[in-house]
Amino acid sequence: MNKMKNALFPILALFLSFSMASAQTLSGESVISANAGFSLAGALFGLADIDEDVDASAPPALQFSYDYAITEKLSLGGGLSYQKFRLAYTDYGDAMEDFDVRLSRLNLALRGLFHYGGQEQVDMYSGLRLGLSNWSVKGGTSDPDYEPPKANGITIAPQLILFGIRAYVAGNLGLNAELGLGGPHFFTVGLNYRI
């Protein structure tokens, strides 16, 4: 029982320190953010790299967002995210040709955030992001007689922002991180500026 109490004390202390140091969002305040994010699609592309004949790349998603505080607890804004993926096959099939597939995703969304806290240096929030993703698919091959298919398509991309945090380290300049469920990312880190 004492071990359980000893384990719970640091967790409670951390929770209380976050609760007491959370930022107060002022009505009319704006925050601009630039982030790099990691997505489920990127992780799946990374798994394709286990074959020696396949080279996969999925750089982090680049994201820009803007949030405007309507009240101290609620902000509305938008987000723009872009990510590209590439699979390159060497000596593919019976013809032993090279082949590659390039995908990209452009996501445009509206976000509503609920902020909890009450001080200046740390802002914690959760929310919902509703948007559209435009997927583009292109292929390439070393066979000059084959024209690979190309495609574009728009999908609905909802995301639940489970937890976000902004820590202001130099005046209005801060660091941020978000954990989300759904596209275009499940985790982002970056910089933000409060206006």
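The rows are residues; the columns are (1) modelled with pLDDT of 75 or more; (2) within 30 Å of Glu147 (Cα to Cα); (3) part of a loop (DSSP other than H, G, I, E, B).
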{"residue": "Ala34", "(1), (2), (3)": "yes, no, no"}
{"residue": "Ala56", "(1), (2), (3)": "yes, yes, no"}
{"residue": "Tyr66", "(1), (2), (3)": "yes, no, no"}
{"residue": "Glu72", "(1), (2), (3)": "yes, no, yes"}
{"residue": "Ser75", "(1), (2), (3)": "yes, no, no"}
{"residue": "Gly79", "(1), (2), (3)": "yes, no, no"}
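List, please: which pairs have Cβ atoms under 7 Å, are six or more places apart or on different chains, and start with a residue in segment 36-50 that is polar (S, T, N, Q) and end with one that is outside any helix (DSSP H, G or I) and at pLDDT below 75?
From residues that are polar (S, T, N, Q), there are no pairs.
Would you check if Lys150 is among the basic types (Lys, Arg) and either in contact (Cβ under 8 Å) with a residue 60 or more places away in the chain or surrounded by 14 or more Cβ atoms within 10 Å (Cβ to Cβ) (or both)? Even if it seems obvious, please write down each step before you answer.
Numbers: among the basic types (Lys, Arg): yes; either in contact (Cβ under 8 Å) with a residue 60 or more places away in the chain or surrounded by 14 or more Cβ atoms within 10 Å (Cβ to Cβ) (or both): no.
No: the conditions fail for Lys150.
Assess whether Gly42 counts as being at pLDDT below 90 and crowded, with 17+ Cβ neighbours inside 10 Å.
Yes; evaluated as a whole, the condition is true for this residue.
The values are calculated or read from the model by the stated rules, or taken from the named source; none is laboratory data. What you see is a predicted model, and the numbers here were worked out from it, not measured in a lab. Counting neighbours? That spans all protein chains shown, and the Cβs are built from the backbone with ideal geometry, glycine included.
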